[in-house]
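The values are calculated or read from the model by the stated rules, or taken from the named source; none is laboratory data. Quick caveat: nothing in here was measured; it's all calculated off a predicted structure. Neighbour counts are summed over all protein chains in view; Cβ atoms, including those assigned to glycine, are modelled from backbone coordinates with ideal geometry. Each accessible area value is taken on the protein alone, full model and side chains, heavy atoms only, with ligands, DNA and RNA left out. Shrake-Rupley method; radii C 1.70, N 1.55, O 1.52, S 1.80 Å.
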Amino acid sequence: MTRDMSQVTRAKNGRPVHHWRRDVIELAALFTAVAVADTVANLIGHGPDGAALLVISAVALAATAGFHTWWARRHGHAPPTGDTSARPLPEGERAGPSDQPSRTADPEAAESTLWRMRTTVKDAPGSLAALCTVLAEQRVDILSLQTHPLAAGTVDEFLLRAPGPLEGSEITRAVAGAGGTDTWIERADTHDLVDAPTRVLGLATRTALDAAELPLALRQLLGRCTIRSLPAVPVGGGRGPEGVPVEGVLEDTVMRLRAPEGGVITVERPYLPFTPTEFARARALVELDARLGPRVPRSQDVLTLPEGHDITVRRADTGDLEAAVAMHERCSARTLSLRYHGPVGDADRYLKHLLSPRFGQTLAVRAASGRIVGLGHLLWDGDETEVALLVEDAWQRRGIGGELLERLVSLAAEAGCASVYAVTQSSNTGMVAAMRGLGLPLDYQIEEGTLVITARIGSQAESERAVGVTRTETP
């Protein structure tokens, strides 16, 4: 590889190196040329042989210019005869810009693993630097960092890219040696590469469009946790949950927030305490939900059943309570008992709770007459998700239940749920057939005389995040 000579005389900062000897020589040559020109001019103007001298000077000048050109071409770019201790550049630096190998071309980088890690350090200068140093020694790349100041120290939350063979326990061991305590680490995925402000804004947008998104937004914001929405007045009557102040309550691994309708939202994460920053973000999402009030997307789909009847499927909320109660009145006692597993007379009391977007999502099927003939519920049950169906007797065995169930499972998959379960009776052959029609792996269990069917949706992200979880406690 050859280089331009102008590059050889450049310093490391990119500016030309100043050579004072060359300047002196050029200045002397300039004075000499002026003196010679003055002498020639006097001879030409006053001497008898002025014309001959002018021709001789021109010939000499041409000969000198030709010699200088020949000499420059021969010696100007010739390499030095002696060893200047210069050595070939590394292979990566000798390649041109388009030939530079990318970072992902490294086999070790291609096998890297993403980790989320949280550790507590002393609130003292150099504590974070010590952590970064030991991570660099393990060839761990820090992709993002958030700090949460506490009274007794600072909680640092990292998103890391580590070499594939490096185990989480090795990372935590190195962090402990640098002064990190209460270290927790788990596998991350590509969704965690989104920075925190962008992720929070996205969750706020989802919550603003659909009130049923609040529990899902909280779960995605806080990671693996159990979220329960408790109404101010229980469905079966009795005493409601203890109220919480407007600002909410944070108790280590449990936070309690006032629900928009007056109840209580409880969030539990036993494996990792909540930070004040997480508590403030969760409280802001709940406050946004309360200010916007009840809201449900009103999009709908028109479907044609095999026998030719048209039905409309859309989201339902408490505004559909009267029509849902009317459907209850048209259902037989057996249909209601298979759905609610209790006294038929209590069925109407559950509808307001089921239709509320605070506790899940409901799909309603309406006939051409406008009457509701079927309801499908996707209910947030802590860290699990339940599906339930009710189809009016006259509209059963027409594929409505299967259509509703497929749509509910799709909503659960979009929400990141790894599975859904249905509680029914073994004699409810319609519900069993609808679950089998999903084509998903099913688990059957008998609990207290009822059949619980669990369908595994197979969320890859959730299964990966459950692998490699390690936590160390302060000795």
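For segment 290-337, which residues satisfy the criterion of being open to solvent by less than 40 Å² (accessible area, probe 1.4 Å), part of a strand (DSSP E or B) and in contact with a helix residue (DSSP H, G or I) (Cβ under 9 Å, 6 or more places away or on another chain)?
Selection gives 311, 313, 315, 316.
Which of the residues spanning segment 137-165 are under 23 Å from the mean Cα position of the chain (by Cα) and assigned to a loop (DSSP other than H, G, I, E, B)?
Across segment 137-165, the qualifying residues are 139, 140, 163, 164.
Exactly one of (1) touching a residue at least 40 places away in the same chain (Cβ under 8 Å); (2) touching a helix residue (DSSP H, G or I) at 6+ places or on another chain (Cβ under 9 Å) is unmet by residue 193. Its number?
Evaluating residue 193 over (1) touching a residue at least 40 places away in the same chain (Cβ under 8 Å); (2) touching a helix residue (DSSP H, G or I) at 6+ places or on another chain (Cβ under 9 Å) leaves (2) as the failure.
Which of (1) at pLDDT 90 or above; (2) in contact with a helix residue (DSSP H, G or I) (Cβ under 9 Å, 6 or more places away or on another chain) is the odd one out, the single condition residue 256 does not satisfy?
Among (1) at pLDDT 90 or above; (2) in contact with a helix residue (DSSP H, G or I) (Cβ under 9 Å, 6 or more places away or on another chain), residue 256 violates only (2).
Which members of segment 170-180 meet the condition of being within 24 Å of the chain's Cα centre (by Cα) and surrounded by fewer than 18 Cβ atoms within 10 Å (Cβ to Cβ)?
none
I'd like to verify a number: residues in segment 205-233 that are open to solvent by 40 Å² or more (accessible area, probe 1.4 Å) and of a type outside the set (A, V, I, L, M), how many?
Total meeting the criteria: 6.
So the check is Cβ under 6 Å with 6+ separation or different chains; which pairs have a first residue in segment 417-446 that's free of Cβ contacts under 8 Å to residues at least 24 places away in the same chain and a second one that's buried (at least 16 other Cβ atoms within 10 Å of the Cβ) and not aliphatic (A, V, I, L, M)?
Between residues of segment 417-446 that are free of Cβ contacts under 8 Å to residues at least 24 places away in the same chain and residues that are buried (at least 16 other Cβ atoms within 10 Å of the Cβ) and not aliphatic (A, V, I, L, M), the close pairs are 443/454.
Could you grab me the full set of residues in segment 254-282 that are open to solvent by 30 Å² or more (accessible area, probe 1.4 Å) and either in contact with a strand residue (DSSP E or B) (Cβ under 6 Å, 6 or more places away or on another chain) or part of a loop (DSSP other than H, G, I, E, B) (or both)?
Selection gives 254, 256, 260, 261, 262, 268, 270, 271, 273, 277.
For every residue, the table says whether it meets (1) surrounded by fewer than 20 Cβ atoms within 10 Å (Cβ to Cβ); (2) free of Cβ contacts under 8 Å to residues at least 24 places away in the same chain; (3) of a type in the set (Asp, Glu).
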site: 118; (1), (2), (3): no, no, no
site: 132; (1), (2), (3): yes, yes, no
site: 137; (1), (2), (3): yes, no, yes
site: 164; (1), (2), (3): yes, no, no
site: 167; (1), (2), (3): yes, no, yes
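Can you name the residue in segment 410-434 that is under 28 Å from the mean Cα position of the chain (by Cα) and outside any helix (DSSP H, G or I) and is also surrounded by the fewest Cβ atoms within 10 Å (Cβ to Cβ) among such residues?
The selected residue is 416.
Taking residue 437, is it open to solvent by 20 Å² or more (accessible area, probe 1.4 Å) and closer than 17 Å to residue 455 by Cβ?
Spelling it out, residue 437 is indeed open to solvent by 20 Å² or more (accessible area, probe 1.4 Å) and closer than 17 Å to residue 455 by Cβ.
Quick check on residue 183: is it surrounded by 15 or more Cβ atoms within 10 Å (Cβ to Cβ), more than 30 Å from residue 288 (Cβ to Cβ) and either touching a helix residue (DSSP H, G or I) at 6+ places or on another chain (Cβ under 6 Å) or of a type in the set (D, E, K, R) (or both)?
Yes: the conditions hold for residue 183.
Please tell me if residue 234 is within 30 Å of residue 348 (Cβ to Cβ), part of a loop (DSSP other than H, G, I, E, B) and out of contact with any strand residue (DSSP E or B) (no Cβ under 6 Å at 6 or more places or on another chain).
Against the criterion (within 30 Å of residue 348 (Cβ to Cβ), part of a loop (DSSP other than H, G, I, E, B) and out of contact with any strand residue (DSSP E or B) (no Cβ under 6 Å at 6 or more places or on another chain)), residue 234 qualifies.
In segment 142-159, what count of residues is obtained for those that are over 11 Å from residue 116 (Cα atoms), open to solvent by 60 Å² or more (accessible area, probe 1.4 Å) and of a type outside the set (Gly, Ala, Ser)?
Residues flagged as over 11 Å from residue 116 (Cα atoms), open to solvent by 60 Å² or more (accessible area, probe 1.4 Å) and of a type outside the set (Gly, Ala, Ser) within segment 142-159 amount to 3.
What about residue 414, is it more than 27 Å from residue 219 (Cα to Cα) and either modelled with pLDDT under 90 or touching a Leu at 6+ places or on another chain (Cβ under 6 Å) (or both)?
Criteria not met by residue 414.
Give me the residue from segment 443-459 that is under 20 Å from residue 413 (Cα atoms) and buried (at least 16 other Cβ atoms within 10 Å of the Cβ) and, out of that set, modelled with the lowest pLDDT.
Per the stated criteria, the residue is 459.
Among the residues of segment 368-389, which ones are among the small types (Gly, Ala, Ser) and open to solvent by 10 Å² or more (accessible area, probe 1.4 Å)?
Hits for segment 368-389 are 368, 369, 370.
Look at residue 202 and say whether it is open to solvent by 30 Å² or more (accessible area, probe 1.4 Å) and either in a loop (DSSP other than H, G, I, E, B) or at positive phi (or both).
no
Name the one entry in 349, 407, 358 that is touching a residue at least 60 places away in the same chain (Cβ under 8 Å) and under 18 Å from residue 225 (Cα atoms).
358
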